[in-house]
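J.: Structure in structure tokens, see below.
Where a number appears in this text, it was derived from the coordinates with a stated rule and is not lab data. These numbers were taken from a predicted model, which means no experiment stands behind them. Virtual Cβ from ideal backbone geometry, glycine too; neighbours counted across all protein chains shown.
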Amino acid sequence: MTAPLTEQAGSRNGGHQPAVRLEAVSKMYGQGKTGLLALDDVALDVAPGEFVCLLGASGCGKSTLLSLVAGLDAPTAGRVDVDRDRVALMFQEPALFPWLTVSANVEMALRAKSVARKERRARAAEFLEIVHLGGFGGKRPHELSGGMRQRVALARALAQDADVLLMDEPFGALDAMTRDLLHDELERIWRERALAVLFVTHNVREAVRLGDRVVLLSSRPGRVVEDFPVTLSRPRRTDSAEVAEQAAEITDRLRQEVLRHGR
């Protein structure tokens, strides 16, 4: 779906249409007094090739927002504009089929696009090479480390030939070193493939390490309360003084928002 763009949005994105646009989006679960308003009047653009991180307190609607963009749910009000044929979603858990090989798990995304078997195998091998898992195609998920399973999940997402990659805390369960290595891998792939990324995290330093922008959502109902541009040169390190300084600024603002809602 594509909506006409305002002059202002066109100016922000260098004249290009946004890869993702949310216009006055709200999401209510249930009705009446027992209803739960998860998102309220959210407006957000993600430009082609832009890396945007979403931050906010638990329950503020970050995952709900990703579900709306992915088309897994529909907004109660407002509009979500994105070409959903070009969207891939990656969760915190790899969600691999344990009875399939690594290669077959990646091929699932290609089977959904009716790619012929011979081509599926060749392309799955290519995507595994991209995430530095060449030679592991015959393994089963239980034979891999947590970080390697997330690489397989990333390869499967890339196999969907997406322009927009939605990531819901994909590295949250990993140890610090593995997470740091996967940050490097994700940044490399994002640059090479010019993806638009919408990345949900609770880790402020991770958001500053990866993002072009960090968008802060209020406590429930989720509203955009601040948008922090990150202009630090790349590549960045999570433990660098510059990343720590901006992360501290964002953390202070997040703390204010949480306290304002008594959470």
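J.: Check cross-link reach from K62 to the lysines: straight Cα distance under 22 Å, and skip same-chain residues fewer than eight apart.
T.: K27
J.: Rule-of-thumb check for the chain: C-alpha Rg over 2.2 N^0.38 Å? Don't skip to the answer; put the middle values down first.
T.: Details: Rg = 18.7 Å, N = 263, 2.2 N^0.38 = 18.3 Å.
The reported ratio for this selection is 1.02.
J.: Can you tally the net charge around R253? Count Lys and Arg as +1, Asp and Glu as -1, for every other residue whose Cβ sits under 13 Å from the Cβ of R253. Provide the component values of the computation, followed by the final result.
T.: Details: positive: R255, R260; negative: E226, D227, E249, D252, E257.
Result for the local shell: -3.
J.: Write down Rg/Rh for the range 95-162, rounded to two decimals, with Rg from the C-alpha atoms and Rh from the Kirkwood relation over Cα pairs. Walk me through the numbers on the way to the answer.
T.: Values: Rg = 10.5 Å, Rh = 11.4 Å.
Looking at the range 95-162, the ratio lands at 0.92.
J.: Taking K113 as the anchor, which aspartates and glutamates have their alpha carbon closer than 20 Å to its alpha carbon, excluding any fewer than eight residues away along the same chain?
T.: D83, D85, E126, D161, D163
J.: I've got another one for you. Take the alpha carbon gyration tensor of the range 167-206, find the square roots of its eigenvalues, order them as a ≥ b ≥ c, and report rounded if a/c is under 1.5; if not, report prolate when a/b exceeds b/c, else oblate. Each step should come with its number before you reach the end.
T.: Working: a/c = 2.39, a/b = 1.39, b/c = 1.72.
Oblate.
J.: Considering just Cα atoms, how many Å³ per residue does the convex hull of the range 123-263 enclose? Spell out each step's value before the answer.
T.: Working: hull volume 17.8 nm³, N = 141.
With only Cα atoms used, the range 123-263 gives 126 Å³ per residue.
J.: Alpha carbon centre of the range 181-228 versus the range 63-99: separation in Å?
T.: 16
J.: Quote the charge dipole size of the range 95-162 about the Cα centre in Debye, to the nearest 20; the model charges only the Cβ of Lys and Arg (+1) and of Asp and Glu (-1). Could the numbers behind the result be given before it?
T.: Details: 12 positive and 6 negative charges, 41 e Å.
Using Cβ point charges on Lys, Arg, Asp and Glu, the range 95-162 gives about 200 debye.
J.: Go ahead and estimate [θ] at 222 nm for the chain from helices alone: -39,500 (n - 2.57) per DSSP H run with n ≥ 4, summed, over the residue count, rounded to 500.
T.: Numbers: 8 runs with 97 residues, N = 263.
About -11500 deg cm²/dmol.
J.: Based on the alpha carbon coordinates of the range 56-199, what radius of gyration and maximum Cα-Cα distance (Dmax) apply, in Å?
T.: Here Rg and the maximum Cα pair distance are 15.3, 47 Å.
J.: Evaluate Rg over Rh across the range 140-210, taking Cα atoms for both radii and Kirkwood's formula for Rh.
T.: Details: Rg = 11.9 Å, Rh = 12.7 Å.
Rounded to two decimals, Rg over Rh is 0.94.
J.: Using a ≥ b ≥ c from the Cα gyration tensor of the range 174-246 (square roots of the eigenvalues), is it rounded, prolate or oblate, where a/c under 1.5 gives rounded and otherwise the larger of a/b and b/c decides, a/b for prolate? Before the final figure, lay out each step's value.
T.: Working: a/c = 1.57, a/b = 1.42, b/c = 1.10.
It is prolate, given that a/c is not under 1.5 and a/b is the larger ratio.
J.: Hey, what did the chain get for relative contact order, percent, Cα under 8 Å, at least 6 apart? Walk me through the intermediate numbers first.
T.: Numbers: 491 pairs, mean separation 64.8, N = 263.
Rounded, it is 25 percent for the chain.
J.: Going by alpha carbons, how many degrees (0 to 90, nearest 10) lie between the helix axis of 146-158 and the longest principal axis of the chain?
T.: Between the helix axis and the principal axis of the chain, the angle is about 80 degrees.
J.: Run the numbers on the range 95-162 and let me know its relative contact order in percent, using alpha-carbon pairs under 8 Å that are six or more apart. Each step should come with its number before you reach the end.
T.: Values: 82 pairs, mean separation 32.2, N = 68.
Across the range 95-162, relative contact order equals 47 percent.
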